[in-house]
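J.: Before I ask anything, here is the structure I am working with.
Every number here is computed from the coordinates shown, using simple stated rules; none is lab data. Predicted model only: the values in this text are computed from it and were never measured. Please note: Cβ atoms are built from the backbone with ideal geometry, for glycine as well, and neighbour counts cover all protein chains shown.
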Amino acid sequence: MFWKLPDLLKDVKKWTVLLNNIEFDHDNSKLNPDEYEAYDDYFYGGNRSHKVVEEFNKAWLHHIHHNPHHWQYWVIINDDPGEGMTLLDIPFEYIIEMICDWWSFSWQKGNLFEIFDWYDKHREYMKLSPKTRNTVESILKAIKEKLLEETSADKEKSEDNNV
């Protein structure tokens, strides 16, 4: 594992500032004219014409290249075919933001475990450096273990109350 919770908690002020920045800056580029109208047309316009899809694809490309919490931001597609792709390590704070972004959909649907199935379905497609993948999977494992622990404790409390 590339991180340890006690190490993270040593500098609470740093992490408080970081998390506040994530909260207030997350996906701010969606307010940019290069993204906003295309997202609006694509998701709420009721029209998926070729033009709407093309504009959305351009907006998505802009989005992933301006938001380092997307894994695509860290993939370099080299000009030389022999070089293939370069997968850069994602800094820890962006890994946390990326996982929060993924997990937000689980929260929205009311199933906090959904992120794990989602990741399993997408993991082979995602281009992550070995260090980043290890960190992502370590964090997801820790989250899952904590959720299972909490779920088990809640179940035991519920059973105790029903006795």
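J.: Length gain on complete extension for the stretch His122 to Lys109, per 0.36 nm per residue less the alpha carbon to alpha carbon distance?
T.: Between His122 and Lys109, full extension yields an extra 2.8 nm.
J.: Also, quick follow-up: May I ask which of Lys109/Lys144; Lys58/Lys127; Lys121/Lys146; Lys51/Lys121; Lys30/Lys109; Lys30/Lys51 have a Cα-Cα span longer than 27 Å here?
T.: Lys51/Lys121
J.: Still on this structure, please answer the following. Using 1/(1 + (r/R0)^6) with R0 = 30 angstrom and r between the beta carbons of Lys141 and Asn57, what's the FRET efficiency to the nearest 0.05? Intermediate results must be reported in sequence, preceding the final value.
T.: On the way: r = 34 Å, r/R0 = 1.13.
The value I calculate is 0.35.
J.: Can you bin segment 30-163 into rounded, prolate or oblate? Criterion: square roots of the alpha carbon gyration tensor eigenvalues sorted a ≥ b ≥ c, rounded for a/c under 1.5, prolate for a/b above b/c, oblate for the rest.
T.: Oblate shape, in that a/c is at least 1.5 and b/c is the bigger or equal ratio.
J.: Would you mind pulling out the separation of the Cα centroids of segment 41-73 and segment 87-144, in Å?
T.: So the separation of the two Cα centres works out to 21 Å.
J.: Right, something else. Note down the net charge around Leu61, summing +1 for each Lys or Arg and -1 for each Asp or Glu among other residues with Cβ under 13 Å from its Cβ.
T.: Around Leu61, the charge tally is -3.
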